[in-house]
Amino acid sequence: MNFINKLTAAWTRNDSLLCVGLDPDLARFPAHLKDTPDGIVRFCKAIIDATADLACAFKPQIAYFAALGAEDQLEEICRYLRETYPHIPLILDAKRGDIGATARQYAREAFDRYGADAVTVNPYMGFDSVEPYMEWADRGVIVLCRTSNAGGSDLQFLDVGGQPLYQHVARLVAEKWNRNGQCALVVGATFPEELAQVRALVGDMPLLVPGIGAQGGDVAATVRSGRTANGAGMMINSSRAILYAAPQEGEDFAAAARRVAQETRDEINRYRG
């Protein structure tokens with residue numbers, strides 16, 4: 001099953017557009033996991049088990065693992081996801097962007113080493129830096145378009161032939177790059193008007209939508225702006241608000257994560273139409 005088919009099935013199976021991000025920050029871990037050699041794996045597995053029936057995707061952010069020298073732990077977590085929850089897409093959030101030969105190695109990292117169903121990539125260097133990922137025709141290639149950070153406007157709003165750059169990227173991916181029907185776009189929840197404009201440009205192409213939860217994006221505006229006609233089409237990501245829902249002492253962290261994930265999933269569903 002390819003990425004798009006797996007994602008479509010997950011939207012239906014779990015009645016969910018919620019993507020759970022895995023961003024392990026040891027400073028925010030429960031005290032009993034902070035200084036243990038397997039703390040990252042135990043923490044992430046517990047979050048996964050607590051939220052798997054509420055999520056349409058899981059998205060480990062590679063930087064949080066690499067900064068800790070925890071790539072082996074990331075491999076174990078990805079293997080656990082593939083073996084235990086094979087019906088839920090695994091998105092490696094790497095935002096890679098480099099020339100073709102190097103991009104091919106990054107693609108091998110994402111798809112062969114970590115077994116990801118999809119990876120995030122940066123289009124700034126053009127099609128030949130993205131094309132190597134598309135050699136894995138069954139995997140997803142999720143291209144940065146209108147990002148959720150305020151500084152994204154520095155470049156993404158530049159005029160390109162009478163349209164902002166982010167709209168040019170959206171058209172380019174939808175009309176020229178999406179040869180295998182495997183592409184998606186990253187569009188932030190913090191800019192619902194731009195989200196609606198991208199949706200109008202790309203039809204039913206899936207959108208990975210960061211920016212709710214800790215970044216403050218409005219759920220109702222996000223869903224209304226980015227949903228497709230059948231009330232799907234999005235992977236609305238929440239990471240820190242779910243992962244660190246519990247105080248370091250007190251409520252069980254996995255139970256707290258499940259509570260917030262369910263509240264978020266249900267709030268999203270209220271506006272799907």
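The values are calculated or read from the model by the stated rules, or taken from the named source; none is laboratory data. The model shown is predicted, which means the values in this text are computed figures rather than measured ones. Neighbour counts are summed over all protein chains in view; Cβ atoms, including those assigned to glycine, are modelled from backbone coordinates with ideal geometry. Just so you know, the surface numbers come from the protein's heavy atoms only, side chains and all, with ligands and any DNA or RNA stripped out. Shrake-Rupley method; radii C 1.70, N 1.55, O 1.52, S 1.80 Å.
How about region 126-136: which of its residues are more than 19 Å from the chain's Cα centre (by Cα) and farther than 21 Å from residue 171 by Cβ?
Narrowing region 126-136 to residues more than 19 Å from the chain's Cα centre (by Cα): 126-129, 131-132, 135.
Scanning region 126-136 gives 132, 135.
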Inset, instruction - All but one of (1) outside any strand (DSSP E or B); (2) on the phi < 0 side of the Ramachandran plot; (3) of a type in the set (Gly, Ala, Ser) hold for residue 115, so report the exception by its number. - result: (2)
Inset, instruction - Kindly check whether there is at least one residue in region 45-58 that is over 18 Å from residue 254 (Cβ atoms) and open to solvent by less than 30 Å² (accessible area, probe 1.4 Å). - result: yes
Legend entry - Failed item in (1) over 23 Å from residue 40 (Cα atoms); (2) modelled with pLDDT under 95; (3) over 15 Å from the mean Cα position of the chain (by Cα), with residue 249 passing the rest: (1)
Inset, instruction - Evaluate the following for residue 84: is it open to solvent by less than 20 Å² (accessible area, probe 1.4 Å), of a type in the set (S, T, N, Q) and closer than 20 Å to residue 10 by Cα? - result: no
Inset, instruction - Sort out which residues of region 136-155 are touching a helix residue (DSSP H, G or I) at 6+ places or on another chain (Cβ under 7 Å) and either assigned to a strand (DSSP E or B) or surrounded by fewer than 16 Cβ atoms within 10 Å (Cβ to Cβ) (or both), and write them in order of number. - result: 138, 140, 141, 143, 145, 146, 155
Legend entry - Count of region 156-166 residues which are at negative phi and out of contact with any helix residue (DSSP H, G or I) (no Cβ under 6 Å at 6 or more places or on another chain): 4
Legend entry - Selected residue (criterion: most open to solvent (accessible area, probe 1.4 Å)) from residues of region 126-135 that are part of a helix (DSSP H, G or I) and of a type outside the set (Asp, Glu): 127
Inset, instruction - Working only within region 110-125, note down all residues that are closer than 12 Å to residue 96 by Cα and more than 16 Å from the chain's Cα centre (by Cα). - result: 123, 124, 125
Legend entry - Pair list, Cβ < 7 Å and 6+ apart or interchain, from region 174-186 residues that are on the phi < 0 side of the Ramachandran plot to residues that are of a type in the set (D, E, K, R): 182/139
Inset, instruction - Hey, could you check region 186-221 for residues that are at pLDDT below 95 and among the polar types (S, T, N, Q) and say which is farthest from residue 157 (Cα to Cα)? - result: 215
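I'd like to check which helices (runs of 4 or more DSSP H) are fully inside region 160-256 and have at least 3 residues that are open to solvent by 70 Å² or more (accessible area, probe 1.4 Å) and of a type outside the set (Ser, Thr, Tyr).
Values: elements: 165-172, 192-202, 219-226, 240-243.
Of the helices (runs of 4 or more DSSP H) lying wholly inside region 160-256, those with at least 3 residues that are open to solvent by 70 Å² or more (accessible area, probe 1.4 Å) and of a type outside the set (Ser, Thr, Tyr) span 192-202.
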